[in-house]
């Protein structure tokens, strides 16, 4: 099953995709947020192009596991996206993924504007990879 992974931000949406077997996750692109239906339509086009069967959306929980305002906004976005796509949108704990992505890029020597361009895509990849690894363990 091919999955699309999303890292939802206020300005950008990082996008990743799995291979058809669910073994790997690769960064796909970064979408600029335009709001409302325009964002949903962009994601719908990617779902169609990639033949994704479900979407994994990072849920930004607080470090203690509670939900703050951003998590509530993400839940509302997930509900709208699920209705728009007619596909399941699976929420996945994304704590520290952006921080981890920043660390990976810093270690690789990626700096400045270039890092800002790829951090959301890498965060989406980490969210999707984490989701796939956890679900492999649950089905083993």
Problem - Diffusion coefficient, µm² s⁻¹, Stokes-Einstein with Kirkwood Rh over alpha-carbon pairs of the stretch 44-98 at 4 °C and 1.567 mPa s - result: 109 µm²/s
Fill in the blank from the handout: So residue 2 and residue 114, fully extended at 0.36 nm per residue minus their Cα-Cα distance, gain in nm 37.5 nm
Practice task
For the chain, go through all pairs of different Cα atoms, get the mean of 1/r, take its inverse, and jot down that Kirkwood value in Å.
Solution key: 15.1 Å
Problem - Top of 24, 97, 125 by mean-square fluctuation, Gaussian network on the chain, Cα under 10 Å - result: 24
Handout entry: Taking 7, 41, 64 and counting other C-beta atoms within 10 Å, the order from fewest to most
Key = 64, 41, 7
Fill in the blank from the handout: Stretched fully, the stretch from residue 34 through residue 79 gains (0.36 nm per residue minus C-alpha distance, one decimal, in nm) 14.4 nm
Exercise for the section: List 93, 19 from most exposed to least, where exposure is judged by having the fewest other Cβ atoms within 10 Å. Expected result: 19, 93
Completion exercise
Reduced to Cα centres, the span from the stretch 35-53 to the stretch 82-140 in Å works out to 18 Å
Fill in the blank from the handout: At R0 = 30 Å the Cβ-Cβ FRET efficiency linking residue 106 and residue 53, nearest 0.05, sits at 0.30
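Each value in this text was obtained by applying a stated rule to the coordinates, not by laboratory testing. Only a predicted model underlies this, so the values are computations on that prediction, with no experimental measurement involved. Virtual Cβ from ideal backbone geometry, glycine too; neighbours counted across all protein chains shown.
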